[in-house]
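To start, the structure itself, in structure tokens.
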Amino acid sequence: MEKKLSFSSSLVIGVMLFALFFGAGNLIFPAELGQLAGDHIWKAMLGFLFTGVGLPFLGILAIGFSGSKDLQDLASRIHPIYAVLFTSILYLTIGPFFAAPRTGAVAFDIGVAPFLNGFSVDLARFLFTALFFGISMWLSLNPAKIVDRIGKYLSPLIIILLIGLIALTLINPMGTIQAPQKPYIEAPFFTGFLEGYNTMDALASLVFGIIVIKALHAMGITNKKQILTSTAKTGFVAAGFLAIIYLGIAYLGATSVELFGNLKSGGAVLSQTASHYFGSIGLILLGVVIMLACLTTAIGLLTACGEYFHSIIPAISYKLFVIIFSTFCLIVANFGLANIINYSLPVLVLLYPLAMVLILLTFLGPLFRQSRIVYSTATVTAFLVSFIEALVKFYSLVEKQVPSWLTAVNEAYKTYIPYYEQGIGWLVPVLIVIVITGSISVLSNKST
């Protein structure tokens, strides 16, 4: 008899998944988008929800649909060596290089910095992040209890606190929505689409999907069909909560401009809003929300990274990897939130198309019998486009002159590749390659 996932279990795992996704960027980026998008907010949010909610949901579903044991197994459909490289870089990106340190940096900037009153910012940041990643490390050393610790206790509190703040914004708005600012004036949808990259959730979904499947196995659900159905249910719960919170925070940001003006960051928007509605108590309440949201994400990322790198380098224990990554997160977090966000952009521009192509091919795979030539050619095509865009962004970031050859290639891409300037130039070439190589593969199999 097939065991089915109960509604209560779906809710618990779904809320756990929401908490793993919902961390630093999920709070600050929608608020900033709301301020800048103005009365174009709904067009911008449609794009943001596509990459910030839709893609993570598809990523979770792809892991369940593929039947793969982990991301490396799924990526090996392209090539075994590529699988190790891609998976390792992805784990490092959402782990100790960018996303995990960002959780501590955001928690400090919003939850602690407003209360320093002249105390040394650098010293306070170091002391706080040392405590933050020390707690994250301790909780990550026993991953078997992650569902209980996160899904049952921390996550519901985060949801309640945030929905309470959003409800006040809806009942008693701070002001009317103003005119949009650059770059949301001309292309709000595509700007919101690219802003969703910053959450890194589509990348994380390919990792968190394995955590969901392990939780399902622990509950006795091992049938492939039931795993796919259960994964869809839990993913829908997480995606639903993400969409509600994102829309609420974006609306909060949009209605705050008349009162506060355009603030420098989404964190400042949230701080000012909490102070407006609740005074100093509001700042404390917001600090609690930030710390809980960021802590749950840090735990999930450290756990996932520790398990993966232990699997490919068994000589180093899981616990030692967690300690190493926690220490590295502490160092990176002290470079400051702005630097972490800026230097992650070129990496995200490179990785996101590769991840999206892998998700797309996972669902289309049965049509061309999982032909490796389709997987590899589509991935190479996406890489050739996204690599140039990532290089251009890197040179812009470090304020160095772009080499002439790179300028020439970039201009050619702008001229001949549809939607390149909108940030999704990889899409049309990849679809063309999939159709051509997929057709060849199917016809070759029929001929054989």
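At-a-glance table
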item: Listed residues VAL212, PRO96, PHE128: farthest to the positive end of the dipole of region 7-334 (Cβ charges); result: VAL212
item: Least to most buried among SER136, SER271, SER396, SER76 (fewest other Cβ within 10 Å first); result: SER396, SER76, SER271, SER136
item: Residues with amide H under 5 Å from that of GLN181, placed H, sequence gap 5 or more; result: ALA37, GLY38
item: Global size of region 397-448 as Cα Rg and Dmax, reported in angstrom; result: 17.0, 55
item: Longest exposed-site-free window of the chain, the sites being trypsin sites (Lys or Arg not before Pro) in a DSSP loop that have at most 10 other C-beta atoms within 10 Å; result: 1-263
item: Rg and Dmax [Cα atoms of region 345-448; Å; Rg one decimal, Dmax integer]; result: 15.7, 55
item: Semi-axis lengths (Å, descending) of the ellipsoid that matches the C-alpha gyration tensor of the chain; result: 34, 27, 22
item: Charge dipole (debye, nearest 20) of the chain; +1 at Cβ of Lys and Arg, -1 at Cβ of Asp and Glu; result: 1220 debye
item: Footprinting exposure proxy for ILE94, ILE432 (fewest neighbouring C-beta atoms within 10 Å first); result: ILE432, ILE94
item: Net charge of Cβ neighbours under 12 Å - reference ILE60; Lys, Arg +1; Asp, Glu -1; result: 0
item: Neighbourhood charge, 14 Å Cβ-Cβ cut-off, centred on LYS182 and excluding it, Lys, Arg +1 and Asp, Glu -1; result: -3
item: Helix-derived mean residue ellipticity, 222 nm - over the chain, DSSP H n ≥ 4, -39500 (n - 2.57), to 500; result: -25000 deg cm²/dmol
item: Global size of region 1-87 as Cα Rg and Dmax, reported in angstrom; result: 17.4, 54
item: Candidate aspartates and glutamates - alpha carbon under 16 Å from LYS393, same-chain residues fewer than 8 apart omitted; result: GLU195, GLU411, GLU421
item: Order of GLU307, GLU32, GLU399, GLU258 - criterion: other Cβ atoms within 10 Å of each residue's Cβ, fewest first; result: GLU399, GLU258, GLU307, GLU32
item: Residues ALA338 and GLU411, FRET efficiency given R0 of 35 Å [Cβ-Cβ distance, rounded to 0.05]; result: 0.70
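Read-outs throughout are calculated quantities, based only on the coordinates presented, and are distinct from any laboratory measurement. Just so we're clear, the structure is a prediction, and the values are computed from it rather than from any experiment. Counting neighbours? That spans all protein chains shown, and the Cβs are built from the backbone with ideal geometry, glycine included.
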